[in-house]
Each structure stands twice: as C-alpha cells, then as structure tokens.
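I have placed the structure first, in the form of structure tokens, so that the comments after it can refer back to it.
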Amino acid sequence: MPYKLQFQVYQYPFYPPLQTRYGIWEQREGIILRLSDETGRVGWGEIAPLPWFGSETLAQAVEYCRQSSTEINESDFWAIPDSLSACQFGFHSAWEDLQNPSPPLTTPAFSALLPAGEEALSAWHSLWQQGYRTFKWKIGVYSLEQELNWVRQLAPMLPQDAKLRLDANAGLTWEGANQWLAVCDELAIEFLEQPLPVNSFDALLALSKQYQTPLALDESVATLTQIKYCYDRGWRGIFVVKPSIVGIPQDLREFCQQTQIRTVFSSVFETPVGRKAALKLATELSDPNYAIGFGVNHWLKAEVLPQCQV
Ligand SMILES: O=C(O)CCC(=O)c1ccccc1C(=O)O
Ligand SMILES: [Mg+2]
C-alpha cells in the first residue's frame, strides 16, 4: 500500500543563541514530514540535519524530499542512502508513527544543557529548582585556564546528588585533554564527551584507558556507520547517540541489542515532532545509568516553534 508524502521546511531562532566551540548557532532549520495512507492513518516525522557533525545539509535533505514521489512505498524507506542519515531517521520515524502513534510511557531523566563559560556558575540554580539533577557544560569555548578555573568553582557548588558532565566538542589538544582529565578525576565528573577530533580515534582510545573519568564519543559516532566502525575498532566507552542524525531506527535497535553498547541519547534541538520520535528510541535503548541530553527546552521559545500543519 503506498503512502502519500507531504513536507514543509521550517526554521526557528534560539533564545538566546547557542554558543559552542563551533561558534554561535542562531537558528534551527529542518523539515517536517507527513505521511498518510489510504485508510486515513497519519504519521509525522522530522528531518533535523546537523551538517557540521557529518549529517547531510538541509539543502541535500530538501533536494531528497523534492525528488521523492508524493506516493511512496515501504521499499523507498529502506532505500534512502546512508549519506542521508537525517532523512533516514525522519522518514522511518514518520512511518513508525503512522503504524504506532503512541508516545513513550516513561522517559529517562534529562540532563540540562548549561550556558558555556562563566554564566554556568549561576544558571544551574534555576535548572536545579526545575528538577534537573544532571548538567552538561560545554568546554573548549574559552581559554583552558579560564575554563579550568570555572569548573573548579562550579563542581563543588553543585548539591551532593548533582552530576556534571563536560562536552569538548572535539576541541582539545592531546595536552589539553590530559590536563582536563586530571581535573575531571579530581572533581568526579560524570564523563567527558569528545575531547579530541573525529580523526584521532587511536588517541581517544588511549585516553580512555588512562583516567577514571569515562569518555564518551559524540562527533565520532554521529551515524550508525560510524558507531559500528568505532565499536569494531574496540571502543567500549560511552556512545552518544543523536537519534535525529543516526540513521534508521530499526537498524540501531538491532545493533544495540546485539552488542549491548553503553549509550547516552542526545537532542539536536528538534521540534516536538522529532523530539517525540527521538525520546521513543531513547526510552527503548538509552543506558538507564545516564540522564539523556534532552534538557534543552530552555533554549527554545514555544511560541516560535513551527506548527505541525503541512
Ligand atoms: O546532549 C546534550 O546534553 C545536549 C545537546 C548537545 O549538547 C548538542 C546539541 C546539538 C548539537 C550538538 C550537541 C553536542 O552534544 O555536541
Ligand atoms: Mg557532544
């Protein structure tokens, strides 16, 4: 039975703009998909590319949607190339939603994304009051000296049962990573995400064996193809999974079940459409010992989110 495809490109601003090692990110752009079948069932999906992480660009995703026929079949969902991993996720999640639209029952706890730099020293407090117990702070944004100084203030001021994880977004040198990890061990940091660039796999593996603080790969494992590559080369630390760019959800389920990898699921600032699909997968597959990185809604204003009406 064929499905009817409709899609709409969206964009919305962050409030405030988001600062990471890659610079300032002002707005999110993506595509909302709507599938329907002849019996009247409807499924929603979202393509939320993250090109600097290695997914396709928005333009490539739009091109793929445009050249798709408005009548598509199940076999088309499986034929989306691995180079379009955000499209794979968007189409498959729309198709899964059409077949079974129920939301996840109980989602794991969320980690709240703090602002980079000194602002984190005050920003955690209202997030704590909102109920967050795990916080993530971006590093590699300011100088090493400044950031080490701030983290030595931040970690001890958090309540006893709070956890703090750090994300370097591939921005440290070998020496910098060693300096950071020595401090992470001292401060009992929950884990350090992607200290070194994607092309430094051997160095990342070596680092992961030298310190108590666990390491998580993120940029290195943006897609399922990359997850498999790093697993085959011996990575047994944490894999950050960003469902929206990982590829086909069913393939990820099968890989996780076969290998029992340790995963921490993470948002890419999807709209509620992509978020629902990502949370469903996170509820099924994320390691229960770690909060998932979906505490990001304080960076968005509900009023500007796109309405799901294609
Ligand atoms: O995972 C989280 O805790 C929050 C989301 C996050 O940090 C993120 C969001 C968009 C793009 C990249 C990243 C990242 O983990 O590097
Ligand atoms: Mg990260």
### Query
When segment 34-53 is examined, which residues are found to be outside any strand (DSSP E or B), buried (at least 17 other Cβ atoms within 10 Å of the Cβ) and out of contact with any Asp or Glu (no Cβ under 7 Å at 6 or more places or on another chain)?
L50
#### Entry: Close pairs from segment 265-286: first among the acidic types (D, E), partner not in a helix (DSSP H, G or I), Cβ under 7 Å, at least 6 apart
E270/E46; E270/A48
### Message
If A216 satisfies all but one of (1) assigned to a loop (DSSP other than H, G, I, E, B); (2) of a type in the set (G, A, S); (3) within 14 Å of ligand 1 (Cβ to nearest atom), what's the number of the condition it fails?
### Response
(1)
#### Entry: Those residues of segment 225-234 which are more than 14 Å from ligand 2 (Cβ to nearest atom) and either farther than 12 Å from T263 by Cβ or out of contact with any helix residue (DSSP H, G or I) (no Cβ under 8 Å at 6 or more places or on another chain) (or both), in sequence order
T225, K228, Y229, C230, D232, R233, G234
### Task
Could you check A123 against (1) among the small types (G, A, S); (2) more than 15 Å from ligand 1 (Cβ to nearest atom); (3) in a helix (DSSP H, G or I) and say which number it fails?
(2)
### Message
Residues to consider are P197, P115, P156, P101; find the one that is more than 16 Å from ligand 1 (Cβ to nearest atom), part of a loop (DSSP other than H, G, I, E, B) and not aromatic (F, W, Y).
### Response
P101
### Query
Looking at A203, is it assigned to a helix (DSSP H, G or I), among the small types (G, A, S) and within 17 Å of S111 (Cα to Cα)?
no
### Of residues in segment 128-174 being in contact (Cβ under 8 Å) with a residue 12 or more places away in the chain and on the phi > 0 side of the Ramachandran plot, the one farthest from ligand 2 (Cβ to nearest atom)
G140
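For D232, state whether it is charged (D, E, K, R) and in contact (Cβ under 8 Å) with a residue 24 or more places away in the chain. Steps first, answer last, please.
Numbers: charged (D, E, K, R): yes; in contact (Cβ under 8 Å) with a residue 24 or more places away in the chain: no.
Considered against the rule, which asks whether it is charged (D, E, K, R) and in contact (Cβ under 8 Å) with a residue 24 or more places away in the chain, D232 comes out as no.
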## Note on the structure
Exception for I31 within (1) in contact with a strand residue (DSSP E or B) (Cβ under 8 Å, 6 or more places away or on another chain); (2) more than 25 Å from W299 (Cα to Cα); (3) crowded, with 19+ Cβ neighbours inside 10 Å falls at (2)
### Message
Can you say whether G23 is loosely packed, with under 13 Cβ neighbours inside 10 Å, within 23 Å of the chain's Cα centre (by Cα) and within 16 Å of ligand 1 (Cβ to nearest atom), as far as the supplied structure shows?
### Response
yes
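Just so you know, all these numbers are worked out from the coordinates, no wet-lab data involved. Every value quoted in this text rests on a predicted model; they were computed, and no experiment measured them. No Cβ is skipped: glycine too gets one built from the backbone with ideal geometry, and neighbour counts run over all protein chains shown.
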